[in-house]
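Here is the structure we will look at, set down as structure tokens.
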Amino acid sequence: MTKIVLEKNNIPQTPYFFLRKGEDIKEKLKESNMSFPLFVKPVNAGSSIGASKALDINEFEKSVADAFLYDNKVLVEKNINCREIEVAVMGNNELRTAGPGEIISDAEFYDYDTKYISNENVGYKIPADITKEQTALIREYAKKAYKALECRSLSRVDFFIDRDSGEIYLNEINTLPGFTNISMYPKLFLSEGVEYKELIDLLLETSIEN
């Protein structure tokens, strides 16, 4: 549903299609005109659980089967040679943004293990080393998506910047972002001068306001 709402609001996102159990996955792949590599994700999941990267048709069929263990609907997205950029948004009617920051990781992609278990090789750069124009556009897209999806209190909005073309894509919006020792949401607001304790107070205030 998020994909549909973003599309309706002209917010750029990576090419995608959906699969449901019982559908002919080879036919759906052919109809999509998308080529490998592809990312396969169960729709009703988060933290990259059940997500995998497929390099060919055999890996694709296995990835789809694995994703169907978690949900009856699967999202397939085109692989983008990208940088991962994140923005923190807070508020209800009046919105406040922080960032963007960039995730730096040696992993094949930012999977569950990299996020929560073996995260020694994960770093970040705040602010992200991008142009002022890109920063302004990413913040604008983040607030536009937040409002279109009727988010409240807080969300972290994640983007891709295509290394080859420079195009910006909204990857996903996280309505309950992580607060681990490497999580970007509190770090982004810290870069704006908002200490952790103050951030928690502000989030409680926005929740009470809502």
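Numbers at a glance
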| item | result |
| --- | --- |
| Which listed residue, of ASN210, ASN181, is touching a strand residue (DSSP E or B) at 6+ places or on another chain (Cβ under 8 Å), of a type outside the set (Phe, Trp, Tyr), open to solvent by 20 Å² or more (accessible area, probe 1.4 Å) and at pLDDT below 95 | ASN210 |
| Boolean, ALA148 is under 23 Å from VAL43 (Cα atoms), in contact (Cβ under 8 Å) with a residue 40 or more places away in the chain and touching a helix residue (DSSP H, G or I) at 6+ places or on another chain (Cβ under 7 Å) | yes |
| Residue pairs meeting the criteria (Cβ under 7 Å; at least 6 apart or on separate chains; first over 20 Å from LEU95 (Cα atoms) and open to solvent by less than 40 Å² (accessible area, probe 1.4 Å), in segment 120-141; second among the aromatic types (Phe, Trp, Tyr) and modelled with pLDDT of 95 or more) | none |
| Flag if GLY22 is part of a loop (DSSP other than H, G, I, E, B), open to solvent by less than 60 Å² (accessible area, probe 1.4 Å) and at pLDDT below 95 | no |
| Filter result for the condition that a residue is within 28 Å of THR131 (Cα to Cα), open to solvent by 70 Å² or more (accessible area, probe 1.4 Å) and at pLDDT 95 or above, over LEU190, LEU199, LEU170, LEU154 | LEU190 |
| Single match in GLU94, GLU77, GLU86 (criterion: closer than 30 Å to ILE208 by Cα, open to solvent by less than 60 Å² (accessible area, probe 1.4 Å) and not β-branched (Val, Ile, Thr)) | GLU86 |
| All positions within segment 41-58 that are open to solvent by 30 Å² or more (accessible area, probe 1.4 Å), touching a residue at least 12 places away in the same chain (Cβ under 8 Å) and either out of contact with any Ser or Thr (no Cβ under 9 Å at 6 or more places or on another chain) or not hydroxyl-bearing (Ser, Thr, Tyr) (or both) | LYS41, VAL43, ASN44, ALA45, GLY46, SER47, ILE49, LYS53, LEU55, ASP56, ILE57 |
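The values are calculated or read from the model by the stated rules, or taken from the named source; none is laboratory data. Keep in mind that what you see is a predicted model, and the values were worked out from it rather than measured. Heads up, the Cβs are rebuilt from the backbone with ideal geometry, glycines too, and the neighbour counts pull from every protein chain shown. We work out accessible area using only protein heavy atoms, side chains counted, and drop any ligands, DNA or RNA first. Shrake-Rupley method; radii C 1.70, N 1.55, O 1.52, S 1.80 Å.
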